[in-house]
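Okay, structure first, notes after.
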Amino acid sequence: MAYTTFCIPLPRILILFAAVPTLTAHLAKPALSSLLQGQASALDYRAGGEEAIHHREHAVSMRGTVEQKYRLADGSDLGLTSGQRLDRMLSKGLISRQEIEVVLAYYDEDVSWTSRVASLVTVYCQSGETSIGNIPCIPLPNVGREGHVYMTHIVNNYDNLAEWTVFSQAQEPTAGYRSNNDSYGHMLPGLDMADYLLMPMLHGFPSGGSYFVNTGAINMTNLDHYMRSSYLNLARSSQLRVEEAHCPQEKWGDSWIPHPLGGVQEMLNRKCGVDSAEELSQALRAYWDSHVQLPVPPEGMLFFAQGARFAVSRSRIRERPKQHYEKLLALLSLEISPCAGFFNEWLWHYLIGIPRPEDTCPLEGIRSAQANASL
């Protein structure tokens with residue numbers, strides 16, 4: 001692959017730090033200053049109240065439409081898996097790419113797995129190719145990791161987005177994660193790619209217009225990093241409920257466990273032009289202030305989908321203006337594996353539209369992991 005994925009969970013922060021100009025002066029290094037390009041006022045990106053309400057009402061109407069199609073395809077609940085339901089709906093021509101689209105960031109992965117959803121897939125080739133076998137591909141330069149693909153798609157299709165878009169790296173979405181091992185496809189054990197596609201149809205449209213399965217967390221202030229036990233240990237629970245899978249559930253035997261960054265932090269220090277964990281956390285905070293421009297989450301904890309796979313509605317994306325995504329795209333267009341590309345993997349939930357409090361994970365799980373680690 002052109003990029004290496006890593007996990008770093010971020011904690012939430014209640015305390016606000018110094019303004020971006022102060023941080024920029026303190027961290028006067030080229031890699032850091034480039035992260036702050038395109039800084040705007042904190043209100044520039046926000047959709048107006050009436051517009052935001054319109055977007056959310058449209059999201060509710062989509063659910064009604066897709067539920068009708070689901071009933072037409074199935075007729076009754078036959079105990080099918082989400083994959084079987086998806087196959088049935090596609091075979092009957094009941095889903096179009098205007099409704100559900102899968103956007104893949106490709107470099108050299110095996111994408112034969114996409115054949116089942118070929119009619120819904122748009123592949124961007126950061127290898128510069130125009131096709132992968134018989135799969136058409138939109139060529140792009142090899143810059144910016146998967147984020148360059150995601151932002152290119154949003155910017156170029158902002159006025160013509162699908163109602164529900166799944167963004168993913170191109171490797172087969174198999175379960176789990178191991179550093180530098182591409183045989184693990186960043187999927188939470190028990191979930192299927194079809195769950196991401198059919199979330200609005202089978203389980204109701206998410207209140208925040210997004211589906212992020214949080215498998216990592218990181219504290220913005222001290223870079224304490226956590227991973228989800230079921231994800232790291234490949235432990236599948238028979239009680240897993242797709243609509244509740246965005247956070248660990250103790251009732252499933254799933255929890256947060258400390259997972260120090262180790263060599264990942266050293267790599268990030270080099271990428272971001274800093275010399276210590278303290279400076280790296282300051283760089284992350286500066287990036288948050290410049291590009292997320294929202295209050296810092298409680299206790300500085302950030303939750304994220306390790307591997308950068310998530311699904312969002314058109315309405316959620318449009319809660320921020322096109323210019324917001326254009327600025328992110330510019331940041332990701334400068335080099336193969338920029339600092340911003342790694343920060344974005346932690347921050348997609350906060351950068352794509354406006355996150356809802358109910359979409360994030362309870363802090364009790366993090367506190368429990370901290371307490372157990374101190375025993």
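The values are calculated or read from the model by the stated rules, or taken from the named source; none is laboratory data. Fair warning: this is a prediction, and the values are worked out from it, not measured in the lab. As a convention, Cβ positions derive from the backbone with ideal geometry for all residues, glycine included, and neighbour counts pool all protein chains shown. Keep in mind that these areas ignore ligands, DNA and RNA; they rest on the heavy atoms of the full protein, side chains included. Shrake-Rupley method; radii C 1.70, N 1.55, O 1.52, S 1.80 Å.
Could you pull the accessible area for His259 with a 1.4 Å probe, rounded to 10 Å²?
In the full protein context, His259 sits at about 60 Å².
In whole Hz, with x marking every Gly and Pro, tabulate ³J(HN,Hα) for the range 212-226 from phi via Karplus 6.51 cos²θ - 1.76 cosθ + 1.60, θ = phi - 60°.
Along the range 212-226, the couplings run 10, 8, 6, 10, x, 8, 8, 8, 5, 8, 10, 6, 4, 10, 9 Hz.
Tell me which trypsin sites (Lys or Arg not before Pro) from the range 96-171 have a DSSP coil assignment and no more than 14 other beta carbons within 10 Å of their own. Don't jump to the answer; show the numbers that get you there.
On the way: sites: Arg97, Arg116, Arg145; in loops: Arg97.
Here the trypsin sites (Lys or Arg not before Pro) that fit, given the DSSP loop and packing criteria, are Arg97.
Accessible area per residue, 1.4 Å probe, Å², for the range 193-312: what's the number? Could you put the intermediate results ahead of the total?
Values: 3860 Å² over 120 residues.
For the range 193-312, the solvent-accessible area averages 32 Å² per residue.
Return the sequence-ordered ³J(HN,Hα) values of the range 360-368 in whole Hz as given by the Karplus equation 6.51 cos²θ - 1.76 cosθ + 1.60 applied to θ = phi - 60°, using x for Gly and Pro.
After applying 6.51 cos²θ - 1.76 cosθ + 1.60, I find 8, 8, x, 6, 4, x, 5, 5, 5 Hz.
Name the residue from Gly216, Gln169, Gly185 whose Cα lies farthest towards the positive end of the charge dipole of the range 143-227, charges +1 on Cβ of Lys and Arg and -1 on Cβ of Asp and Glu.
Most positive-ward Cα: Gly216.
Is the range 100-143 best put as rounded, prolate or oblate by its Cα gyration tensor, with a ≥ b ≥ c the root eigenvalues, rounded for a/c under 1.5, and otherwise prolate when a/b is larger than b/c, oblate when not? Before the final figure, lay out each step's value.
Numbers: a/c = 1.94, a/b = 1.56, b/c = 1.24.
Taking the square roots of the gyration eigenvalues as a ≥ b ≥ c, the range 100-143 is prolate.
For the range 129-217, give the magnitude of the charge dipole about the Cα centre (Cβ charges: +1 Lys/Arg, -1 Asp/Glu; no others), in debye to the nearest 20.
On the way: 2 positive and 8 negative charges, 41 e Å.
Using Cβ point charges on Lys, Arg, Asp and Glu, the range 129-217 gives about 200 debye.
Assuming R0 = 35 Å, what is the FRET efficiency of Ser115 and Leu294, from their Cβ-Cβ distance, to the nearest 0.05? Please report the intermediate quantities before stating the final value.
Numbers: r = 40 Å, r/R0 = 1.13.
For Ser115 and Leu294, the calculated efficiency is 0.30.
Sort Ser238, Ser290 by heavy-atom solvent-accessible area, probe 1.4 angstrom, most to least.
Accessible-area ranking of Ser238, Ser290, largest first: Ser238, Ser290.
Along the charge dipole of the range 275-370, which of Gln293, Leu328, Val312 sits closest to the positive end, that is, farthest toward it, with unit charges on the beta carbon of Lys, Arg, Asp and Glu (+1, +1, -1, -1)?
Toward the positive end, the furthest listed residue is Val312.
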